[in-house]
Amino acid sequence: MKTFIDKLQSEHRLTKSEFIQLLDGMTPEISEYLFEKSRQVARARFGNQIYTRGLIEFSNYCKNNCYYCGIRAENRQVQRYRLSLEQILSCCEQGYHLGFRTFVLQGGEDPYFTDERFVEIISRIRHSYPDCAITLSLGERDFKSYEAFYQAGANRYLLRHETATEAHYQKLHPANQLLKTRKQCLLFLKQIGYQVGTGFMVGSPYQTTEHLAEDLLFIWELKPQMVGIGPFLPHHQTPFADKQKGNLEQTLFLIGILRLMLPNVLLPATTALGTIDPNGREKGILAGANVVMPNLSPIDVRKRYTLYDNKICMDEEAAESREKLNQRMCAIGYELTTQRGDYQEYPIEK
Ligand code: SAH
């Protein structure tokens, strides 16, 4: 196993069969060997600075029916909401004062938000905060929409591929949602010039190590600027209510692998990681992650934006949550930075 990790560090990729063997060979000792390297690679590039992104969950309306997701259209028990332009701007204002220089607009695929409406929102944020990055996470749209959003001032886009294996994708989504479309969207986004983030859930139902190896190879091919991964966590009002959750150790292991594969990539310690373990985000940083994404959404809507059960930080003011997170990071020798934290190509030493 250690030779695979050494090879990954020097060549940045393994074959499919090597990835499978490495993932299947995970033990606490091998993990520690990996994390020492992945942590060191992150330290060499980012020092002890952790980038922060302020997450604004602008709508929980969604036309899709992903089997894993709590805000899927067919979940009739969700109290639906959408934020107004003024509410979104006020989240940004609050976030800006707290030191956030990236705003992430995330939501369900809500048909109310036409291109015109998004262009207005993005333009207003761009005008008020010329020094901030605007990240979108709005799901699948066509080329022209993505282009209009980019021209209005958006810089980055997060769209997880969820799983790179067609047959597995179909087990997680209804027949009208296609992996091909998702991959096409990612290529459009890159072509337009966005800094692009993709990613997948670890331990999603029916996932095998072979699927994970395919995910890693897909990411290698795509060369995204950001990769978001987190454990699958069941939501009690979805078809996957009774499925097993993902595994903390395996998620951390994959963070370590991704850091060695793409040394410069922006890699968040996600909310799902913080939910599966009270120190999940710290463990993610120590495995090679370098980004956290605290919530800037108004407190009264947060519990309605529930993708999975027991999501953390439901009732903390943004200021309090940024401060607490900073304390957690300081406790492990890191600190939150107010830098914008764009992707940068550093030379990769051999
Ligand atoms: N509608 C947007 C945003 C999706 S929410 C889009 O399609 O991109 C962001 C991510 O949360 C998803 O891509 C998915 O990987 C993750 N997610 C959804 N449900 C989850 C669950 N039950 N457990 C863990 N992660 C989940």
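Taken together, the values in this text are just the output of simple stated rules run on the coordinates, not laboratory data. A quick note: this is a predicted structure, and the numbers were derived from the prediction, not measured. With ideal geometry, Cβ positions are generated from the backbone for all residues, glycine too; neighbour counts draw on all protein chains shown.
Per 0.36 nm of contour for each residue apart, how much would the distance between Asn247 and Glu116 grow if the chain were fully extended, relative to their Cα-Cα spacing?
Extra length available between Asn247 and Glu116 comes to 43.1 nm.
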If you count the DSSP beta bridges with both ends in the chain, what percent of them are antiparallel, to the nearest 5?
-> 5 percent
Hey, in the GNM for the chain with a 10 angstrom Cα cutoff, which one of Leu262, Leu105, Leu187 fluctuates hardest?
-> Leu187
With x for Gly and Pro, the residue-by-residue ³J(HN,Hα) of the range 271-288, computed from phi through the Karplus equation 6.51 cos²θ - 1.76 cosθ + 1.60 at θ = phi - 60° and given in whole Hz, is 4, 4, 5, x, 7, 6, 8, x, 10, x, 5, 4, 4, x, 4, 6, 9, x
Helix-only CD estimate at 222 nm, as mean residue ellipticity for the chain, using -39500 (n - 2.57) per DSSP H run (n ≥ 4) | -13500 deg cm²/dmol
In nanometres, what is the gap between the two model label sites at Ser84 and Gln339, each 7 Å from Cα along Cα-to-Cβ?
-> 3.9 nm
Select from Leu233, Leu83, Leu336 the residue whose mean-square fluctuation is largest in a Gaussian network model of the chain (Cα-Cα springs shorter than 10 Å).
-> Leu83
The chain, Gaussian network, Cα under 10 Å: of His168, His97, His236, the residue fluctuating most is His97
Taking H as built 1.01 Å from N, whose amide H comes closer than 5 Å to the amide H of Leu336, not counting residues under 5 places away?
-> Ile50
Starting from the amide H of Gly230, placed 1.01 Å from N in the peptide plane, find each other amide H under 5 Å away whose residue is 5 or more places distant or on another chain.
-> Phe200, Val202
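With respect to the cross-link table entries Lys63/Lys223; Lys183/Lys324; Lys37/Lys144, which display a Cα-Cα separation exceeding 31 Å?
From the list (Lys63/Lys223; Lys183/Lys324; Lys37/Lys144), the Cα-Cα distance tops 31 Å for Lys183/Lys324; Lys37/Lys144.
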Starting at the first residue of the range 181-193, write each ³J(HN,Hα) from the Karplus equation 6.51 cos²θ - 1.76 cosθ + 1.60 with θ = phi - 60°, in whole Hz, x for Gly and Pro.
-> 4, 4, 5, 4, 4, 4, 5, 4, 4, 5, 4, 5, x
Calc'd 3J(HN,Hα), the range 124-130, phi into Karplus 6.51 cos²θ - 1.76 cosθ + 1.60 (θ = phi - 60°), Hz, glycine/Pro = x, comes to 5, 5, 4, 5, 6, 10, x
Long-range amide H partners of Asp309, meaning residues 5 or more apart or on another chain whose placed amide H is closer than 5 Å, are His235, His236
Estimated distance in nm for a label pair at Thr15 and Gln191, the labels positioned 7 Å out from Cα along Cα-to-Cβ | 3.3 nm
Taking the alpha-carbon centre of each part, the distance from the range 290-335 to the range 42-115 in Å is 13 Å
For the range 261-347, with +1 on Lys and Arg beta carbons and -1 on Asp and Glu, the positive-most of Ile285, Tyr343, Thr306 along the dipole | Thr306
Relative to the compact globular guide of 2.2 N^0.38 Å, what is the alpha carbon radius of gyration of the range 1-100, as a ratio?
-> 1.69
Descending principal axes extents, the chain, alpha-carbon based, whole Å | 54, 42, 38
Residue order, fewest to most surrounding Cβ atoms within 10 angstrom, among Ser59, Ser38, Ser123 | Ser123, Ser59, Ser38
Considering the chain, which cysteines have no disulfide-compatible partner, defined as another cysteine with its Cβ under 4.7 Å away?
-> Cys62, Cys91, Cys92, Cys132, Cys185, Cys313, Cys330
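Just need the relative contact order of the range 231-336 here, percent rounded to a whole number, with Cα pairs under 8 Å and 6+ apart.
Computed over the range 231-336, the figure is 24 percent.
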Straight-line reach from Lys243: which lysines have Cα under 16 Å away, leaving out those fewer than 8 places along the same chain?
-> Lys171
Restricting to Cα pairs under 8 Å and 6 or more apart, the percent relative contact order of the chain works out to 24 percent
